[in-house]
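All remarks here apply to the structure that follows.
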Amino acid sequence: MGAAQVLMEGVVFGESPRWHDGRLWFSDWGANQVIALGIDGNYEVVVTVASFPMCIDFLPDGRLLVVDSAQRRLLRREPDGSLVTQADLSVVSTKPWNDIVVDDRGNAYVNTIGFDFPAASSRRASLRSPRRTALSVRSPATSRSRTGWRSPRKAER
């Protein structure tokens, strides 16, 4: 292994790194962009979404999923570059949505941060009494989505 090399500068708040198609894909929360970075230092701004946070992952067919926290929805990038709504997350929780992971069957798992961001008083209350909401989005080949959710708090009762 050689010495570490800087491939890109100017990233405001890099998050949600994923290796896909020979490039490192990540969200720059500060710039509201999803970026694909090659090992040669060349990069491409793949999508811009006015949201914070906006985590990413990929469906088995290679399409990009982006969590649009501000609009409480899950977006899918089509092969032509357009963004379409994969799932409306607002029906599940009004809290900001955050992380995502997709399994090899195309099921996407998304979670909320559990508090209203960035209100400090809500954040403190959330830390005393954590409450998380998880959502599973199934993405069959027909592109129709089904959503199901559970609240860990309800499961405890």
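Points to keep in mind about this one:
- Qualifying residue in region 50-70 (condition: in a strand (DSSP E or B), β-branched (Val, Ile, Thr), more than 27 Å from Val91 (Cα to Cα) and open to solvent by less than 50 Å² (accessible area, probe 1.4 Å)): no
- Set Ser143, Ser129, Ser82, Ser121: member being open to solvent by 40 Å² or more (accessible area, probe 1.4 Å), of a type in the set (Gly, Ala, Ser) and at pLDDT 50 or above: Ser82
- Scanning region 87-118 for residues that are surrounded by fewer than 19 Cβ atoms within 10 Å (Cβ to Cβ) and either among the acidic types (Asp, Glu) or on the phi > 0 side of the Ramachandran plot (or both) returns Asp88, Asp99, Asp103, Asp104, Gly106, Asp116.
- Residues (in contact with an Asp or Glu (Cβ under 6 Å, 6 or more places away or on another chain) and part of a loop (DSSP other than H, G, I, E, B)) located in region 1-30: Val11, Val12, Trp29
- Given (1) modelled with pLDDT of 95 or more; (2) under 14 Å from the mean Cα position of the chain (by Cα), number of the condition Leu89 does not satisfy: (1)
- With respect to the conditions (1) more than 19 Å from Ala108 (Cβ to Cβ); (2) under 13 Å from the mean Cα position of the chain (by Cα); (3) not polar (S, T, N, Q), Ala36 falls short on a single one, namely (2).
- Selected residue (criterion: farthest from Leu75 (Cα to Cα)) from residues of region 11-45 that are open to solvent by 20 Å² or more (accessible area, probe 1.4 Å) and charged (D, E, K, R): Asp40
- Residue in region 47-59 that is farther than 23 Å from Asn107 by Cα and more than 11 Å from the chain's Cα centre (by Cα) present: yes
- Qualifying residue in region 31-49 (condition: assigned to a loop (DSSP other than H, G, I, E, B) and under 16 Å from Val102 (Cα atoms)): no
The values are calculated or read from the model by the stated rules, or taken from the named source; none is laboratory data. Everything quoted here is computed from the prediction, not taken from an experiment. When we count neighbours, we look across all protein chains shown, and the Cβ atoms used for this are built from the backbone with ideal geometry, even at glycine. Quick note on the areas: whole protein, heavy atoms, side chains included, nothing else; ligands and nucleic acids left out. Shrake-Rupley method; radii C 1.70, N 1.55, O 1.52, S 1.80 Å.
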